[in-house]
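Take a look at the structure below.
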Amino acid sequence: MFDYYRKNRTRKIHLFSVLSFALIIFIVAFSGNLISKFSSSHSIVFVSKSSSQQPLKSTFVQKPNFSKKKEAHIIKEEVQDVDDHVNLVPPFNLTVEQRICWFKKKLPEFSILKSSRLSRQFNSRVNKFLNSRNCIVKFFMTWISPANTFGRREFFALETLFKSHRKGCLIILSRTLDTPRGVTILNPLTELGYNVVSVTPELSFLFNRTPVETWYTDLKKGNKDPGEIPLAQNLSNLIRLAVLYKYGGVYLDTDFIILKDFSSLRNSIGAQSVSANGNWTRLNNAVLIFDRKHPLLYKFMEEFALSFDGNKWGQNGPYLVSRVVERLTMMSTEKYQLNFTVLPPISFYPVDWVRVSGFFMKLNTRTHSRWIDAKLSQLSGETYGVHLWNKRSSKIKIEKGSIIGRLISDHCLFCKDIYPS
């Protein structure tokens, strides 16, 4: 009798424990769901106020409802993106032969060079996007970094672009943003009807029948020295030329604050600096405005293939466009035939990278306040966009009342977390 009671009591205790555990699981899951719904519907655009490189969260849409398997796959891909971005840089102090050997071994890991089902749809996706919209201006950007590094500063570039171009279209050439996380990042804009999409580029298509086709074929075979500078950075310099050559429009770096409409501009490149007599001394490729198949773009790509050097910063970017245009300027007849304009620094580079920190500061003096007011007045009349020189300024906080702070405030759409605390 005692044994039966003990066994029966044990069964009851066991049953009670199971039911209690199940109830606890239900309560945790239910409360978690409520919290998730609440946080999704009340989330702010930017996760962190302390870092300009934190990922975005949508203000308008709930977090995508992925299965655990899908979410694990996305996390794995994002980790791989970070690994690719950090690790696929050759060690320093290698000889050319050693670096080529390293590159051949690492070649299968360079996802940017790979063709995929998604990348092979590049041209059809771009044409479908552009043909289904009445684009007043076509914009292109590239994003070669992991999606979770697309932060506040980059998003302000998109906000200010669409504030000035409500009927503009923006295509971001990016494998990492052509993902569920990328969709979430752009949702605040797409939910309001702005024309923006991320598309995985197919480099073989972009470079086909251009002066860089053979160069790219040799690169994919591992027969080119990639240099010490990250290859993706140099490929970004080339992609912008090729995409404009194929489609025409405006290329912009993601570290711009756009101030006014670009629709009056055609076949133009901006000077970064000028001499005392007003002649340009350096051009920059952070913004390019060209018709489809413009011959100057062709010459830029020719120069890229002939003089590529992955060890010199700027060699395949700002210095390249400067070299080509300088040669053409010496041949005035050819420059006239090519039909392009060099715009003054005030158009896109009103402050150079050495002094850009001053645009982020606000001193509590009357003299400095007057200088800011005068500078803003000048920018409002002559400047299309302000290049932020992100490599130099990304860690600089935007101070309230500064030139950059006031420009963003005047030209943003959502205006979230302009001044990090």
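The values are calculated or read from the model by the stated rules, or taken from the named source; none is laboratory data. Computed from a prediction, not measured in an experiment: that's the story for all the values here. Cβ coordinates were reconstructed from backbone atoms using ideal geometry, including for glycine residues, and neighbour counts include every protein chain displayed. Heavy atoms of the whole protein, side chains included, go into the accessibility calculation; ligands, DNA and RNA do not. Shrake-Rupley method; radii C 1.70, N 1.55, O 1.52, S 1.80 Å.
Odds and ends about this structure:
- For the range 127-262, accessible area per residue (1.4 Å probe, heavy atoms of protein chains only), Å²: 31
- Solvent-accessible area per residue in the range 298-415 equals 53 Å², computed with a 1.4 angstrom probe and all protein chains kept.
- Amide H contacts of L343 (H built 1.01 Å from N, under 5 Å, at least 5 apart or other chain): I269, G270, A271
- Extending 7 Å from the Cα toward the beta-carbon at both K397 and F360 defines two label points whose distance is 1.1 nm.
- On a per residue basis, the convex hull of the C-alpha atoms belonging to the range 109-157 measures out at 113 Å³.
- Working ranking of peptides 357-370, 152-165 by packing, defined as the average number of other Cβ atoms within 10 Å per residue, highest first, is 152-165, 357-370.
- Model label sites at D309 and R370, defined 7 Å from Cα along the beta-carbon direction, differ in position by 4.7 nm.
- Full-extension gain in nm, R209 to E97, via 0.36 nm per residue minus C-alpha separation: 37.4 nm
- Listed residue pairs exceeding 20 Å between alpha carbons, taken from K246/K391; K395/K416; K220/K391; K312/K391; K138/K416; K104/K220: K246/K391; K220/K391; K138/K416
- Think of the range 219-311 as a dipole: +1 on every Lys or Arg Cβ, -1 on every Asp or Glu Cβ, centred on the Cα centre; then among V287, L297, F256, L297 lies furthest on the positive end.
- Share antiparallel - DSSP beta bridges, the range 226-344, percent rounded to 5: 75
- A simple packing score, the average count of other Cβ atoms within 10 Å per residue, orders the peptides 100-110, 180-190 as 180-190, 100-110, with the highest score first.
- Calculated P(r) of the range 137-186 - Cα pairs past 12 Å, %: 65
- For the range 190-233 and the range 120-185, distance of Cα centres in Å: 16
- Carbon and sulfur %, accessible surface of the range 281-353 computed with the full protein complex present, 1.4 Å: 53
- Sorting the segments 391-399, 238-246, 293-301 by their mean number of nearby beta carbons within 10 angstrom, highest to lowest, gives 238-246, 293-301, 391-399.
- Sites R117 and T217, calculated FRET efficiency, Cβ-Cβ separation with R0 25 Å, nearest 0.05: 0.70
- Value in Å of the Kirkwood radius, where the range 258-371 supplies the Cα pairs that are averaged: 16.0
- Our compactness index for the range 95-235, the C-alpha radius of gyration over the empirical 2.2 N^0.38 Å, is 1.18.
- Apportionment of accessible area to carbon and sulfur, the range 130-274, percent (1.4 Å): 45
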